[in-house]
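In what follows, a structure is listed as structure tokens, so that the remarks can point back to it.
The values are calculated or read from the model by the stated rules, or taken from the named source; none is laboratory data. Treat the numbers as computed from the prediction; the structure is a model and nothing was measured. Cβ atoms come from the backbone with ideal geometry, glycine included; neighbour counts cover every protein chain shown.
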Amino acid sequence: MANRGEVIKGEGQRPPRGKTPPEGELEQPRLSAPAAQELGPKSFGAAGPESPLMEVFLDRSLSELVRYYRHSSCGRLSRGLIHRMNTPLQILSFQLELLEQKSQEERRILPEVRQPVGEKLQALQRYRLQKIRQFRLELENLQALARAIVLQGSYEDTEERLELDLNELCRRELDLYQSQPFFKHQVEKCFHFQEGLPPIRGHYLDFSQSFRNLLDNALEAMEGAERRILTVATSLEDGWRLLRLGDTGPGISPELQPRLFEPFFTTKKGRAGLGLFMARRLLAPYGGEIRITSVPGKTWVTVMLPG
């Protein structure tokens with residue numbers, strides 16, 4: 001069993017939510033006062049505004065804001081396109097249904113055709129029905145994905161607190177990751193969801209974004225691993241809702257673990273280093289805690305939410 005890591009408790013308040021901009025306009029990225037304070041000089045000791053450390057901090061902050069600006073614009077555009085796909089998908093589904101009906105009618109009259117022509121036509125008809133079934137399955141998967149993305153967008157855009165089912169939220173997010181080839185084909189998945197967890201009243205985006213940040217970290221850690229096993233489990237213990245994510249990456253060295261929640265701290269080139277930091281801040285208003293334990297070949301991240 002891995003040695004227990006430090007308990008990291010959330011601090012501060014949830015950043016204020018802005019109104020959703022009109023379609024075609026871009027929402028300007030913002031830092032809340034608590035976030036700006038935590039990302040300020042105290043993160044760098046006594047570094048002043050003219051120090052090289054503060055210059056590095058400002059440069060990385062601006063780079064991350066540009067990235068957020070691009071991604072938020074792309075996300076809204078993508079949801080709009082997916083919403084507009086519903087009509088052509090429905091038309092395809094209707095036309096496929098007509099094709100299935102005609103194939104069934106053809107199947108009933110084929111035995112009346114003389115041999116050997118009838119036998120050849122029956123073989124062609126069986127092949128066509130098989131392809132129709134494959135097409136139907138792919139179409140249904142595409143429709144389900146489009147509905148999931150649109151539904152997720154509606155949840156994340158709402159300003160109201162909702163009654164959230166932690167299990168359902170995790171399942172929905174994991175289903176969306178099936179579109180990633182690495183997750184779908186190269187990662188062995190082990191999911192255990194305890195039924196009957198009490199609901200959480202909160203903003204959907206706080207929990208979905210936190211879960212995605214933790215999931216992304218786990219997947220990135222396993223990119224070079226020989227065996228890639230992702231574990232996601234929920235449970236209720238001593239009045240706490242627990243969400244555990246385990247990966248079989250290289251692990252985190254003891255000397256690095258105290259720095260995991262520092263903003264912009266990362267060991268991966270090209271990464272922002274904000275995943276754990278933002279997960280802690282998003283869950284802070286709900287009394288959430290995050291524990292990390294790690295040994296070579298196994299890392300566990302446990303999110304604790306009071307009941």
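Values for this structure:
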| item | result |
| --- | --- |
| Count of residues meeting criterion [of a type outside the set (S, T, N, Q) and either under 15 Å from L276 (Cβ atoms) or within 22 Å of the chain's Cα centre (by Cα) (or both)] in segment 233-249 | 9 |
| Selected residue [surrounded by 17 or more Cβ atoms within 10 Å (Cβ to Cβ) and part of a strand (DSSP E or B)] from L214, L169, L242 | L242 |
| Test: residue in segment 259-280 that is outside any loop (DSSP other than H, G, I, E, B), assigned by TED's automatic domain parsing to the domain that holds Y177, surrounded by 17 or more Cβ atoms within 10 Å (Cβ to Cβ) and over 17 Å from the mean Cα position of the chain (by Cα) | no |
| S253 among the small types (G, A, S), surrounded by 20 or more Cβ atoms within 10 Å (Cβ to Cβ) and farther than 26 Å from E168 by Cβ | no |
| Where a residue in segment 275-301 is farther than 10 Å from I252 by Cα and its partner, wherever it lies, is among the small types (G, A, S) and in a helix (DSSP H, G or I), with Cβ under 7 Å and at least six apart | A279/S210; R281/A35; L282/S210; L283/S210; I290/A279 |
| Any hit, segment 259-271, residues being among the basic types (K, R) and closer than 13 Å to D216 by Cα | yes |
| Verdict on Q186 being farther than 19 Å from T302 by Cβ, out of contact with any Gly (no Cβ under 6 Å at 6 or more places or on another chain) and assigned by TED's automatic domain parsing to the domain that holds K298 | yes |
